[in-house]
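**Student:** Please find one structure pasted underneath; my questions will follow.
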Amino acid sequence: MKNTRPIHPDFRFLLEMKDKSLIELFTGLRQFILDLHPAGNELLYHTHALTAVFSVSDKLADAYCMIPIYTNHLNLGFNKGTLLKDPAKLLTGTGNLIRHIDVKEVKDYNNARVKALVKEAIQFAIKDMDKPSKATGMTLSKIKKN
């Protein structure tokens, strides 16, 4: 692990309501993504799932992957998964663009095939971005407080 970026307090508050095993899985997967792209921005949402989205800018449109945390599981989602090369057939889903990998344990993401897929998604997002971003390495909470 490289430098650890602290989890935003808005997100941490909601994360702590989850099962300990989900928290540990999320924390490890999040660090895996941040280690692969330290300059990436993390956009935090709480809608149908508590979600950390990783983007090459401060815009959701420039995101390359996400970690939605549901009640009993989490996924590693790829915002433009249908456009990525996936020779190992890791990605599942039926949406027009989004595909995901079910993450139940560390070995589901901590391997060379997933690392290559994340790196490809990052490069795709950089090439697809409208204009370069000035925001890098930031965590931005989009969580509405009650």
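Bear in mind these aren't lab numbers, they're just calculated from the coordinates by the rules spelled out. Please read all numbers here as calculations on a predicted model, not as lab measurements. Neighbour counts are summed over all protein chains in view; Cβ atoms, including those assigned to glycine, are modelled from backbone coordinates with ideal geometry.
**Student:** Taking only segment 95-136 into account, find how many residues are of a type in the set (Asp, Glu) and in a loop (DSSP other than H, G, I, E, B).
**Tutor:** 2
**Student:** Could you count how many residues in segment 54-66 are without any contact (Cβ under 8 Å) to a residue 24 or more places away in the chain, part of a strand (DSSP E or B) and out of contact with any Cys (no Cβ under 7 Å at 6 or more places or on another chain)?
**Tutor:** The number of residues fulfilling the criteria is 1.
**Student:** Okay, moving on. Could you list, in sequence order, all residues of segment 67-89 that are hydrophobic (A, V, I, L, M, F, W, C) and within 16 Å of His8 (Cα to Cα)?
**Tutor:** Hits for segment 67-89 are Ile67, Ile69.
**Student:** Inside segment 137-146, can you point out the residues that are farther than 18 Å from Arg30 by Cα and part of a strand (DSSP E or B)?
**Tutor:** none
**Student:** Considering segment 78-103 alone, what residues qualify as being in contact with a Gly (Cβ under 8 Å, 6 or more places away or on another chain) and either on the phi > 0 side of the Ramachandran plot or among the basic types (Lys, Arg) (or both)?
**Tutor:** Result: Gly93, Arg99.
**Student:** Applying the selection to segment 71-94, what residues are within 16 Å of Leu22 (Cβ to Cβ) and outside any strand (DSSP E or B)?
**Tutor:** Thr71, Asn72, His73
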